[in-house]
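Shown next, in structure tokens, is the structure this report addresses.
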Amino acid sequence: MRPFEYVSPNNKTQAVSLLAATWGKTEILAGGTDLLALMKDDVVSPRRLVNIKDIKDLQGVSSSAQGTRIGALTTLGDLVDDTRVRKNYPALAEALIEVASPQIRNRATIGGNLCQRPRCWYFRNGFGLLPKDESGKELVAAGENRYHAILANDGPAKFVSPSTIVPILIAYGARIRLEGPKGKRELALEKFFVVPKAEGEREHDLRPNEIVTEVLLPPAPGVQAANYEIRQKEAFDWPLAVAAVALRMSGSNVQSARVVVGYVAPVPWLSSEAEKFLTGHPVNQETAQKAALAALSGAKPLSDNAYKVQLARVAVKRAILKAASGGAA
Ligand SMILES: Cc1cc2nc3c(=O)[nH]c(=O)nc-3n(C[C@H](O)[C@H](O)[C@H](O)COP(=O)(O)OP(=O)(O)OC[C@H]3O[C@@H](n4cnc5c(N)ncnc54)[C@H](O)[C@@H]3O)c2cc1C
């Protein structure tokens, strides 16, 4: 056990002022379901832990004509029980209920879910996010890579983005708000996820002294959305592939589409190829299959994960068909 300082600010300004300007010195603590495991395994060893759970502004869900605002501290359990979420974003509710177990959902916050660190077993065993051996040779490409990326894996980052709810949030067009010493900023959720190029960089566009304050969902009347996960078994485990699809239909043709694939790349994979393919077409077995092929067209599997290409295609095809047939109930 390494000693660390524990602070509990009760407002955002105080929290930001307690965070260091470089990574490694401080960490934000929300539900702790990921961070405490990383600390116990000595993967991260902050000198100060900034507990944000006493900051009231970061809590709660509210709805208006502009959409739905979800405070960063809202637990996944509270979110899945929220009648507005179930009614207006049913595919999100379906994805939420699949996360871990009720106990974890009752602790885990949405801010923590977006910022949770990759499940890559090299990272979790202390070899870093872009793992190398002493001679500088990359470990994943020549190692145990069956759960790693099949897209955007040309560089040293080969882990997969871990959240199973981020793909459907992106499909619904979610935005994220951040607050730091220079003030507030807001970005499309897909822009929050980045591919690190050097060890020490993170997989989020989050500065070390910024906090995620809220997630914003646009109104979704007329959106038909669906989520489809492929898991090895029905257990508290992470899936092998996830696909999230949101369609707006014009008659029997797709007017616009967002297709996001999870667990295939270091970032959630928003597929413009699949979107282009679907737009202006009806959805049927054939078009869904072609869109799924398009979504994975750039896949370059590693030595042990070629099986994921077909799994991800199946997830995309089934999510498209499910969305077109009315989406999540
Ligand atoms: C057995 C098990 C199964 C799981 N299965 C799934 C699954 O199927 N799908 C899935 O999506 N997840 C799954 N998870 C992960 C779980 O959802 C996350 O651990 C959880 O959402 C993290 O939230 P937290 O509040 O506990 O975050 P913490 O553990 O407190 O923090 C996680 C990270 O986020 C940072 N952070 C937290 N809040 C903020 C904020 N507001 N601003 C900036 N940084 C912040 C922390 O500094 C830390 O780096 C599983 C976890 C377990 C243990």
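The values are calculated or read from the model by the stated rules, or taken from the named source; none is laboratory data. Computed from a predicted model, the values in this text were never measured in an experiment. Because the Cβ atoms are built from the backbone with ideal geometry, glycine has one as well, and the counts that use them run over all protein chains shown. With ligands, DNA and RNA removed, areas are computed over all heavy atoms of the protein, side chains included. Shrake-Rupley method; radii C 1.70, N 1.55, O 1.52, S 1.80 Å.
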Task: Selection status of residue 36, within 12 Å of the ligand (Cβ to nearest atom) and open to solvent by 60 Å² or more (accessible area, probe 1.4 Å) - done: yes
Task: Positions within the stretch 206-231 being open to solvent by 40 Å² or more (accessible area, probe 1.4 Å) and outside any strand (DSSP E or B), in sequence order - done: 207, 218, 219, 221, 222, 231
Task: Unique match (being modelled with pLDDT of 95 or more, closer than 20 Å to residue 240 by Cβ, more than 16 Å from the chain's Cα centre (by Cα) and not small (Gly, Ala, Ser)) among 170, 165, 150 - done: 150
- [ ] State whether one or more residues within the stretch 44-67 are more than 12 Å from the ligand (Cβ to nearest atom), closer than 30 Å to residue 125 by Cα, open to solvent by 40 Å² or more (accessible area, probe 1.4 Å) and among the small types (Gly, Ala, Ser).
- [x] yes
Task: Selection status of residue 80, within 15 Å of the ligand (Cβ to nearest atom) and either in contact (Cβ under 8 Å) with a residue 60 or more places away in the chain or more than 16 Å from the chain's Cα centre (by Cα) (or both) - done: yes
Task: Members of the stretch 34-82 that are within 22 Å of residue 220 (Cα to Cα) and among the small types (Gly, Ala, Ser) - done: 60, 62, 63, 64, 65, 67, 71, 72, 77
Task: For residue 101: the one exception among (1) touching a helix residue (DSSP H, G or I) at 6+ places or on another chain (Cβ under 9 Å); (2) within 11 Å of the ligand (Cβ to nearest atom); (3) open to solvent by less than 60 Å² (accessible area, probe 1.4 Å) - done: (1)
Task: Enumeration of residues in the stretch 164-177 that are within 11 Å of the ligand (Cβ to nearest atom) and surrounded by 22 or more Cβ atoms within 10 Å (Cβ to Cβ) - done: 164, 165, 166, 167, 168, 169, 176
Task: Yes/no for residue 266 being open to solvent by 20 Å² or more (accessible area, probe 1.4 Å) and not in a helix (DSSP H, G or I) - done: no
